[in-house]
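Scroll down for the structure; my scribbles are underneath it.
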Amino acid sequence: MEAWLEQLQQWHWWIGAVVFLILEVTTPAFFFLWLGIAAAMTGMLLLFFPDMGWKSQCMWFSGLALVSIAFWRFFMRRHPTVSELPVLNRRSSQYVGRVVVVSEAIVNGMGKVRVDDSTWKVQGPDCPAGANVRVVAALDAVLQVELVN
């Protein structure tokens, strides 16, 4: 196997880049793109340094892959994706601001409310069943409520 590795050329890396890009298109992960870019750049390096050994090529590929992934993560932290529906996949956060009716009395700070077609645990001031409360925050699957007069 080492004899084959010693014959690595730029077109091997470019084929690898194409394979990574096909994987990127066919899988739901957003990861193979950066490996494809690293493979293509390693192939470009071999155009300028054709005597580079296979160990150096693999080191360059690994380094370029890490740099491209780190660059993307840094870029996304600086420029986060803005969504029209920021709470779309955070169901409990969608209820903040709504007034709901207590279904099981809030005792010692814990109780339950019925919101649409589901029952949620709530944390807030003690009050009897049937009282109106406003959802002020959502922590995981527990809604924080306050009493509405």
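The values are calculated or read from the model by the stated rules, or taken from the named source; none is laboratory data. Just so we're clear, the structure is a prediction, and the values are computed from it rather than from any experiment. Cβ sites come from the backbone with ideal geometry, for glycine too, and all protein chains shown count toward neighbours.
So the values come out like this:
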| read-out | value |
| --- | --- |
| Helices (runs of 4 or more DSSP H) contained entirely in region 1-98, each with at least 2 residues that are outside the structural domain of R134 (by TED's automatic domain parsing) and crowded, with 18+ Cβ neighbours inside 10 Å | 10-26, 32-48, 54-78 |
| Only one of L33, L85, L46, L8 that is modelled with pLDDT under 95, under 30 Å from K121 (Cα atoms) and aliphatic (A, V, I, L, M) | L85 |
| Qualifying positions in region 124-141 - surrounded by 14 or more Cβ atoms within 10 Å (Cβ to Cβ) and without any contact (Cβ under 8 Å) to a residue 24 or more places away in the chain | G124 |
| Region 105-123, subset of a type in the set (G, A, S) and surrounded by fewer than 16 Cβ atoms within 10 Å (Cβ to Cβ), residue modelled with the lowest pLDDT | S118 |
